[in-house]
Amino acid sequence: MKEEKRKSIGFYIAYLGRKNHAYFDVEFKKMGLTPGAPFILKQLYNKDGIRQQDICDNQHINKAGVTRILSKLIQAGLIRREPHPTDKRAYTIHLTPKAREMREDFFKIFTNWSAILTSDFTDAERADIQIVLERMVENVRHYGKEIHE
(Lines give C-alpha, C1' and ligand atoms only; values in the text may rest on other atoms or scores of the structure.)
Protein backbone atom coordinates (compact mmCIF):
# COMPACT_ATOMS: atom_id res chain seq x y z
CA MET A 1 0.00 0.00 0.00
CA LYS A 2 1.29 3.43 -0.95
CA GLU A 3 2.11 5.69 1.99
CA GLU A 4 0.03 8.87 1.99
CA LYS A 5 2.08 12.04 1.67
CA ARG A 6 1.85 14.24 4.77
CA LYS A 7 0.42 17.67 4.34
CA SER A 8 2.43 20.78 5.24
CA ILE A 9 2.51 22.32 8.70
CA GLY A 10 0.78 25.35 7.20
CA PHE A 11 -2.11 23.18 6.03
CA TYR A 12 -2.68 21.88 9.56
CA ILE A 13 -2.40 25.34 11.10
CA ALA A 14 -4.87 26.77 8.57
CA TYR A 15 -7.27 23.86 9.14
CA LEU A 16 -7.14 24.31 12.91
CA GLY A 17 -7.57 28.07 12.48
CA ARG A 18 -10.77 27.58 10.47
CA LYS A 19 -12.13 25.06 12.98
CA ASN A 20 -11.13 27.38 15.83
CA HIS A 21 -13.12 30.26 14.32
CA ALA A 22 -16.12 28.05 13.61
CA TYR A 23 -16.14 26.64 17.16
CA PHE A 24 -15.89 30.07 18.77
CA ASP A 25 -18.53 31.55 16.45
CA VAL A 26 -21.03 28.81 17.38
CA GLU A 27 -20.28 28.77 21.11
CA PHE A 28 -20.16 32.54 21.61
CA LYS A 29 -23.29 33.00 19.50
CA LYS A 30 -25.09 30.93 22.17
CA MET A 31 -24.08 33.66 24.61
CA GLY A 32 -25.39 36.36 22.26
CA LEU A 33 -21.91 37.50 21.18
CA THR A 34 -21.03 38.48 17.64
CA PRO A 35 -17.66 37.73 16.01
CA GLY A 36 -14.91 39.94 17.41
CA ALA A 37 -16.75 40.64 20.65
CA PRO A 38 -15.27 37.71 22.63
CA PHE A 39 -11.72 38.90 22.11
CA ILE A 40 -12.56 42.41 23.27
CA LEU A 41 -14.39 41.00 26.29
CA LYS A 42 -11.41 38.78 27.04
CA GLN A 43 -9.20 41.87 27.09
CA LEU A 44 -11.61 43.59 29.48
CA TYR A 45 -11.78 40.55 31.76
CA ASN A 46 -7.99 40.77 32.01
CA LYS A 47 -7.96 44.54 32.53
CA ASP A 48 -11.22 46.40 33.01
CA GLY A 49 -11.31 50.11 32.25
CA ILE A 50 -8.83 50.22 29.40
CA ARG A 51 -8.89 52.94 26.76
CA GLN A 52 -10.77 52.30 23.54
CA GLN A 53 -7.56 53.07 21.61
CA ASP A 54 -5.74 50.33 23.54
CA ILE A 55 -8.36 47.84 22.37
CA CYS A 56 -7.75 48.94 18.76
CA ASP A 57 -4.00 48.59 19.18
CA ASN A 58 -4.12 45.22 20.97
CA GLN A 59 -6.67 43.64 18.63
CA HIS A 60 -5.18 45.15 15.44
CA ILE A 61 -8.65 46.35 14.46
CA ASN A 62 -9.32 49.84 13.14
CA LYS A 63 -11.30 52.36 15.19
CA ALA A 64 -14.46 51.93 13.13
CA GLY A 65 -14.42 48.14 13.61
CA VAL A 66 -13.88 48.42 17.35
CA THR A 67 -16.59 51.07 17.63
CA ARG A 68 -19.08 48.74 15.89
CA ILE A 69 -18.25 45.84 18.22
CA LEU A 70 -18.37 48.08 21.29
CA SER A 71 -21.77 49.46 20.23
CA LYS A 72 -23.16 45.92 20.07
CA LEU A 73 -21.68 45.10 23.48
CA ILE A 74 -23.25 48.27 24.92
CA GLN A 75 -26.63 47.32 23.41
CA ALA A 76 -26.27 43.85 24.97
CA GLY A 77 -25.66 45.49 28.34
CA LEU A 78 -22.19 43.98 28.72
CA ILE A 79 -20.03 47.10 28.71
CA ARG A 80 -20.24 50.82 29.26
CA ARG A 81 -18.11 53.55 27.71
CA GLU A 82 -16.99 56.49 29.87
CA PRO A 83 -14.96 59.60 29.08
CA HIS A 84 -11.33 59.20 30.10
CA PRO A 85 -10.71 61.12 33.35
CA THR A 86 -7.74 63.11 32.02
CA ASP A 87 -7.96 62.92 28.22
CA LYS A 88 -11.22 64.43 26.99
CA ARG A 89 -10.71 62.89 23.52
CA ALA A 90 -10.50 59.33 24.84
CA TYR A 91 -12.91 56.82 26.35
CA THR A 92 -12.43 53.98 28.80
CA ILE A 93 -14.38 50.76 28.48
CA HIS A 94 -15.81 48.98 31.53
CA LEU A 95 -17.55 45.67 32.12
CA THR A 96 -21.06 45.73 33.53
CA PRO A 97 -22.29 43.43 36.30
CA LYS A 98 -24.03 41.36 33.59
CA ALA A 99 -20.68 40.73 31.89
CA ARG A 100 -19.02 39.84 35.19
CA GLU A 101 -21.75 37.26 35.89
CA MET A 102 -21.03 35.42 32.65
CA ARG A 103 -17.23 35.36 33.13
CA GLU A 104 -17.02 31.70 34.16
CA ASP A 105 -19.14 30.45 31.24
CA PHE A 106 -17.19 32.72 28.90
CA PHE A 107 -13.81 31.25 29.83
CA LYS A 108 -15.16 27.68 29.77
CA ILE A 109 -15.48 28.04 26.01
CA PHE A 110 -11.73 28.61 25.68
CA THR A 111 -10.95 25.82 28.13
CA ASN A 112 -13.24 23.39 26.31
CA TRP A 113 -11.60 24.15 22.97
CA SER A 114 -8.16 23.43 24.41
CA ALA A 115 -9.53 20.19 25.87
CA ILE A 116 -10.90 19.18 22.45
CA LEU A 117 -7.56 19.91 20.77
CA THR A 118 -5.59 17.83 23.26
CA SER A 119 -8.16 15.24 24.31
CA ASP A 120 -5.93 12.23 23.64
CA PHE A 121 -2.61 13.85 24.59
CA THR A 122 -0.57 12.92 27.62
CA ASP A 123 0.52 15.68 30.00
CA ALA A 124 4.01 15.46 28.51
CA GLU A 125 2.62 15.84 24.98
CA ARG A 126 0.57 18.86 26.05
CA ALA A 127 3.71 20.47 27.50
CA ASP A 128 5.70 19.65 24.35
CA ILE A 129 3.09 21.05 21.98
CA GLN A 130 2.88 24.24 24.07
CA ILE A 131 6.64 24.71 23.72
CA VAL A 132 6.58 24.00 19.98
CA LEU A 133 3.68 26.40 19.37
CA GLU A 134 5.38 29.15 21.41
CA ARG A 135 8.52 28.70 19.32
CA MET A 136 6.47 28.89 16.11
CA VAL A 137 4.86 32.13 17.29
CA GLU A 138 8.29 33.59 18.07
CA ASN A 139 9.57 32.54 14.64
CA VAL A 140 6.67 34.31 12.98
CA ARG A 141 7.14 37.42 15.14
CA HIS A 142 10.81 37.50 14.20
CA TYR A 143 10.01 37.01 10.53
CA GLY A 144 7.33 39.69 10.75
CA LYS A 145 9.87 42.18 12.07
CA GLU A 146 12.19 41.43 9.17
CA ILE A 147 9.56 41.99 6.49
CA HIS A 148 8.14 45.14 8.10
CA GLU A 149 11.43 46.97 8.66
Q: State which residue is farthest from the chain's Cα centre (by Cα) when the search covers only the range 42-55 and only residues that are under 25 Å from residue 105 (Cα atoms) and of a type outside the set (D, E, K, R).
A: 49
**Q.** Qualifying position, being in contact with a strand residue (DSSP E or B) (Cβ under 6 Å, 6 or more places away or on another chain) and acidic (Asp, Glu), among 48, 25
**A.** 48
Q: Just name the residue that is farthest from residue 18 (Cα to Cα) out of those in the range 68-91 that are in a strand (DSSP E or B) and modelled with pLDDT under 95.
A: 83
Q: Identify, from the list 51, 103, the residue that is touching a Ser or Thr at 6+ places or on another chain (Cβ under 8 Å) and either in contact (Cβ under 8 Å) with a residue 60 or more places away in the chain or among the basic types (Lys, Arg) (or both).
A: 51
Q: Go through the residues of the range 116-125 one by one and say whether even a single one is part of a helix (DSSP H, G or I) and in contact (Cβ under 8 Å) with a residue 40 or more places away in the chain.
A: yes
Q.
Tell me whether the range 74-86 contains one or more residues that are within 17 Å of the chain's Cα centre (by Cα), loosely packed, with under 12 Cβ neighbours inside 10 Å and not acidic (Asp, Glu).
A. no
Q: State the number of residues belonging to the range 1-50 that are surrounded by 11 or more Cβ atoms within 10 Å (Cβ to Cβ), among the polar types (S, T, N, Q) and in a helix (DSSP H, G or I).
A: 2
Q | Residue under evaluation residue 94, criteria (1) out of contact with any Cys (no Cβ under 8 Å at 6 or more places or on another chain); (2) modelled with pLDDT under 95; (3) surrounded by 13 or more Cβ atoms within 10 Å (Cβ to Cβ), criterion not met | A | (2)
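The values are calculated or read from the model by the stated rules, or taken from the named source; none is laboratory data. Worth saying up front: this structure is predicted, and the values here are computed from it rather than measured. We place every Cβ from the backbone using ideal geometry, glycine too, and count neighbours over all the protein chains shown.
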